[in-house]
Structures are given as structure tokens and as C-alpha cells.
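Read the figures in this text as sums done on the coordinates, not as results from a lab. Remember, it's a predicted structure, so these values are computed and weren't measured experimentally. In this analysis, Cβ positions are derived from the backbone assuming ideal geometry, glycine residues included, and neighbour counts consider all displayed protein chains.
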Amino acid sequence: MNLKNLGIGLLSIFFAVSCGKSEKKSGSNGALNKSHAEQVYVAPGEHDDYYAFISGGYSGNLLVYGLPSGRMFKEIPVFSQFPTSGYGYSEETKAMLNTSHGFIPWGDLHHPDISQTDGVTDGRWVFVNENNTPRIARVDLETFETVEVIEVPNSAGNHSSSFVTENTEYVVAGTRFSVPFPQQDISIKDYKGKFKGALSFIKVDQETGAMDINFQLMMPGFNYDLSHPGRGQSHGWFFFTTYNTEEASTLLEVNASQNDKDFIAAVNWKKIEEYVANGGGEMMPAEYAHNTYDHHTHVGKSEMKKEVRIVNPSDVPGAVFFLPTPKSPHGCDISPDGQYIVGNGKLSANLTVHSFPKMIKAIENESFDGEAYGIPILNFDETLAGVVENPGLGPLHTEFDDKGNAYTTFFITSEVVKWELGSWEIKDRKPTYYSVGHLTIPGGNSRKPDGKYMFAMNKITKDRYLPVGPELEHSAQLYDISGDKMELISDFPTHGEPHYAAAIKADKVAPNSRKIYRLDENEHPYAVKNEGETKVVRDGKTVHVYMSTIRSHFNPDNIEGIKVGDKVYFHITNLEQDFDVPHGFAMIGQNNSELLIMPGQTKTTTWEPDRVGVWPFYCTDFCSALHQEMQGYIRVSPADSDIELSWSLGEE
């Protein structure tokens, strides 16, 4: 009881410090002078220098912003239904939200990471993780659409994800919550020793981006918080922060903070990959969904997988090691040259940095301080590169610039601190408003970071914007880091709860962005390539409407012979071949969502009329001066009616 009171008391102090600071006015630090406004101003018709892909957290979606303007360009639906476009509602995209638990209409999207070549972001794909129902998705940056979602079995709280190796050989997903393996009905009190943590290595096809789980490393039952790949000299390794090495199952704020140190797990995935290629590991039953979307057919499909390869660390000697690091680390961040491993111990007064070369030497010299479940624990001092003394309270995440500096967020003291790699000297600190979580530097998670901007994503907004009731969008702040001192130059709101972001130079992405879908490449089974192919077909109580849309009419726009109890499928092809001319479709009584159909694309929605009458449909997206005229009618007759099916356009 005394122990619990002590832990809760400490947390109360932390929250008081954080919330107390959040009430302070920003004063001159928050006021943007004219030169700052000029720095973020993008003139009408001009474009931003960078794309920023910001996680939408509990929205389940990925947000696309421009830097330095802070303008939001798009919300990409990934793990949640999105009525704006019909994602997750249309017949083509329902499959993208399929899981072994059935259709899941919501997700918690956390950590975007951009594909890399030679350790440098290449702008082909963004990988994102879903925390609640463990999944990894791939967003195609040609279309800015979700094209693949793979469920991660044997995992729970898919948090230390979704980070890619330096040639996008793998996207890696680590479990936050350890669970019984295999899943079974056992007492929660039997946690210690019986729960396991799965680290999943998902192979990525270098040409297509297609994902497939190559192996799962079944680790001790700790919590695996965040991870990053080695790069340069440490390429071939992956590093994961762990907490709850106590293996507690209740009141973790106290019981998971007893050990003086937790671990960074260092995994030599190259060694395990070789072991697997030679037949190592065991194929075990595991049910998980693999969902893909085809841009030619415009159709998503879901396949249920039945097994996965499991690797036990003890079967691959020399592949996995534990680096002791100050307790409850959150971020696990690797310097651009791959030399330094930063463990952001949330409850540590200092910031600890480990050395990869020293780690390798310690392994070679067998400088071990025991083992945990057969995994060697390296001597702390033998891997220590240095310590940043008294940088702040509550370190969470670190990223890097191109000048040898690191930038770390401190949640409790609401600040970003700049410090120098190698000397460990603090160079600058700037407040954030308020309680900063993550930060991003374009390319900061790569071998070639950019040193122009850094933006912080804060958890508390308070007085930064006009009040809009109890719920506020989160506050992001953009800093100019090109000089010796950081300068706060802009605030902008972010949607959902950002947990991380990835940013890239616009010229790596924009030239490849698709403008239309070519009609002659449309392989949708219900597509129409011209208005002469439109028709309505009955098959029992199922009716298929092959419909086209073009400025400013639907074809057909009058349909009769539909009956109460029918299930009507509207397969709508947008015949436009002009950039930025989508068409919408909505039907009165439609109990799913509208459709937004891009030029050359086909989408399908369903409608089940439950009453007789004449019911209108219309275009939801303003497309021309005659947008209001873009409408149609469907006559619904009683179920026993003998009215023949008919359809027309322009006939009185």
C-alpha cells in the first residue's frame, strides 16, 4: 500500500508540473512577428516545400499537411470508415477493413514511416500501424490511397511499429501488450513467464511494395514500446525499447516502474533472416487477414491466412541481446550514421545514449550481466556512449538534423531540447504549448535528415486557439532549426491525436502523383467505358445498375421497375478524364454513405428500398455550373408489382 501511494504521489507531482505549465500564457514566445509570418507564408498558387504525413491517432486515418504553411491537404482513410469518399462503405473497399475478428470499422493509427532506399526516404509508400486491432497498412504515394492492410497475429497493442529498414526490406511491428502464446484461457495472474511479446518482421517486395510476414520473433512477456532500425554501420539490426520488465499485470504506473533499468532489445534481423531462409523456425497456426486493393480493377479483396513462422530467440544464438537502459523508456531513436542509440527513459533525470560499436565489442567480449529468458544482458557501462545531463523531465522522442545535433521532446517540462551528438552538450531549449509528445524533422528518421524545420506535436492545446467546447484539436508547432537557436514560427491544429509523423521533400513525391485513372485501364467487372454501355440488369431480387457520370448528368437518370425488398447495386463509373473532377453519388434512404468517384474510377454502393414511391439521387460534389441539375429518379413499386424494369436518359 505504501508503495502504491508513493507511485501515485509521484505521478500527481508530474501531472501538476505539466498542467501547471499549460496554464501559463505564452507571452512573447507565442507571438509571431512579421518575419515569422513571412517564413511560413506560401503565396497563392505557390506550393509548400515538404509533405508531412501525420498520424490521425484514434481517427484511424492519415493526415497530409504541407510545410511550412501547416495547411492540411488530405485525410487518407486507412483503418476507419470514411463517409467523405465512401471508404469502408463501398463494396470495393469493405474488404480493406476485414480482420480475423470480422469487419472492424475503426482503428487507432500511430506511426507513419516513409519507404527508403539506401537509408534515404524515396517517396514511394507510407507504412502505418494500427494499435488496437494489430495491423500494418501501406499507402501508395502515387494515388495517396490505402492499397494494402495486413493483420498482425499473436500481437496486441501494435505500438512499436511501423518502421522500415534502410532499403525497405522489412516493415517491423512490435507488440505493446504481451499475451499468452498461443492464446488460451489462463489466469491473468499467471502472466509472468507465460505471456510472450511478438516482434513481427514483414517482408516488403521491392518493386510492388506487397507485404508478407516472414517471421515472428517470440520474445519475453515485456511491453515493447517503440523501435527503429539500424542504418549505415548498424544496418541489419533493429532496436526496441521495453518497459514492464517486472512483468506486472496490474497498476503498471507503479508495478512496472520498480526496476532501476529496463531494456533496449537489439535484434540482428539479418542473422534471423538467414536462419529462416535455411528452414529455421516453426510454422504455427495463426489466423489473420491480408487485404489488398487493385488500382486497375478498383476492387479490394481479403484473404485469410492460416499460419505464421515463429522463431525462438534461443534457437538463433547471437541474434538477440538486451541493453539495460534507464527505466520506462519510450522512444528508441538511431542517429543518421547508425552509431548512437538513444533510449528515452521517461522516469530518468538524464538522457542515456548507447554506442553501437561499443555494443558490438561488448558482444564479442561477452561482457554480460546475466540473462533474461536465455537472452544475454549486456553490461550497461560497456555499451554507454554518453549522457545528456539534466536535459528536462519526461523525455519521449528524439530526431536528428544534418549538423550532428539531436532534438528531444520532454513531456512534463513541455519543451524541445537541442543537444550535440558526441559532446552531449545542450545547445538550446524551447518551450512547447503544451505537453509535447512527438516531434518530426523531414528525413530525421533516415541517413540524410534535412536541417530546415522541426515540428512538435503537443498533447494539450488549452489556449492556443479559439475555444470550441471541451474537445480541442491538438496543437502542432513549427520551428526553424536552420540556425544555432530554434525559432518557433507557427502554430497549426492537427486532427485526431498525432502520435508521430514523417516528412519528405515535396519534389520526391509531387511529380509522381496520379491525376486521373485512365478509362482504358479500368478493369472493374462492372465498369462502363462509355454511355452506350450503361444498363440495368435484374437477377431475382438483386438489381445491378451499370451507371456512368459526367458533367452534368447520370446515365441512366430515370429507372423504373425497382421493387420493395430488392437489393440495388449502383456501379458508377466517372467518365471524366480531367484532373480534379470527381463526381459524388447519394440516394435517399441509402444506409451506408455517399460515394466520391475519381475520374476514370468505378465504385459501388447498395440501396435496399423499403417503401414505394419515386426517390431522387444526386451528385454530392460540385462539378460544374449545372451541378444542381445533376440528379435522377428511381420509381419503387410494391414487391408483387409486375412493372417491367426500364431505364432512360433524356426521354420524356
Net charge dipole size for the chain [Lys, Arg +1 and Asp, Glu -1 on Cβ; Debye, nearest 20]: 1500
query: In segment 488-641, what percentage of the DSSP-assigned beta bridges are antiparallel, given to the nearest 5?
result: 70
- request: Using the Cα centre as the reference, give the magnitude of the dipole from point charges on the C-beta atoms of segment 519-648 (Lys, Arg: +1; Asp, Glu: -1; all else neutral), rounded to the nearest 20 debye.
  value: 340
query: Got a sec? How would Leu378, Leu596 order by Cβ neighbour count within 10 Å, fewest to most?
result: Leu596, Leu378
query: By counting other Cβ atoms within 10 Å of each Cβ, how are Cys623, Cys332 ranked from fewest to most?
result: Cys623, Cys332
message: Per-residue counts of other Cβ atoms within 10 Å, averaged by peptide: what ranking do you get for 258-270, 306-318, 165-177, highest first?
response: 165-177, 258-270, 306-318
- prompt: Once a ≥ b ≥ c are taken as the square roots of the eigenvalues of the Cα gyration tensor of segment 169-316, is the result rounded (a/c under 1.5), prolate (a/b larger than b/c) or oblate (a/b not larger than b/c)?
  reply: prolate
- line: Sorted by chain and number, the residues with a modelled amide H under 5 Å from that of Tyr87, at a separation of 5 or more or across chains, are Phe82
message: At 18 angstrom or more along the helix axis (alpha-carbon based) and mean Kyte-Doolittle of -0.5 or higher, what helices does the chain contain? Whole DSSP H runs only.
response: 2-22
- request: Per residue, how big is the convex hull around the C-alpha atoms of the chain? Give it to me in cubic angstrom, could you?
  value: 180
- request: Report the local net charge at Ile202: Lys and Arg +1, Asp and Glu -1, summed over other residues whose C-beta lies under 13 Å from its C-beta.
  value: -2
statement: Here FRET efficiency (C-beta to C-beta, Tyr373 to Leu472, R₀ 41 Å, nearest 0.05) is 0.40
task: Under a cut-off of 27 Å between alpha-carbon atoms, report the lysines in cross-link reach of Lys563, not counting same-chain residues fewer than 8 places apart.
output: Lys94, Lys535, Lys541, Lys603
query: chymotrypsin sites (Phe, Trp or Tyr not before Pro), restricted to segment 460-556: which are DSSP loop and have at most 10 other Cβ atoms within 10 Å?
result: none
query: What is the gain in length, in nm to one decimal, between Glu420 and Lys541 on full extension, counting 0.36 nm per residue of separation less the C-alpha to C-alpha distance?
result: 36.5 nm
message: Taking loop as defined by DSSP and a crowding limit of 14 other beta carbons within 10 Å, which GluC sites (Glu not before Pro) in segment 566-646 fit?
response: Glu644
message: Between segment 482-504 and segment 114-187, how far is it from one alpha carbon centroid to the other, in angstrom?
response: 23
statement: Residue by residue through segment 221-235, the couplings from Karplus 6.51 cos²θ - 1.76 cosθ + 1.60 with θ = phi - 60°, in Hz, x for Gly and Pro, are x, 8, 9, 9, 8, 9, 8, 7, x, x, 8, x, 5, 9, 4
- request: Just name one of Tyr407, Trp615, Ser348: the one whose Cα is farthest towards the positive end of the charge dipole of the chain (beta-carbon charges, Lys/Arg +1, Asp/Glu -1).
  value: Ser348
- line: Gyration tensor on Cα atoms of segment 519-648, a ≥ b ≥ c root eigenvalues, a/c under 1.5 rounded, else prolate if a/b beats b/c, else oblate, says prolate
query: Check Phe222: other-chain or 5+ apart residues with amide H under 5 Å from its amide H, H built from backbone geometry?
result: Gly197
task: Just check segment 322-375 against the gyration tensor rule for me: Cα atoms, a ≥ b ≥ c as the square roots of the eigenvalues, rounded for a/c under 1.5, and otherwise prolate or oblate depending on whether a/b exceeds b/c.
output: oblate
- request: Which order do the peptides 405-411, 277-283 take when ranked by the mean count of other beta-carbon atoms within 10 Å per residue, highest first?
  value: 405-411, 277-283
statement: Along segment 159-164, Karplus-curve 3J(HN,Hα) (6.51, -1.76, 1.60; θ = phi - 60°) to the nearest Hz, with x for Gly and Pro, reads 9, 7, 8, 10, 9, 9
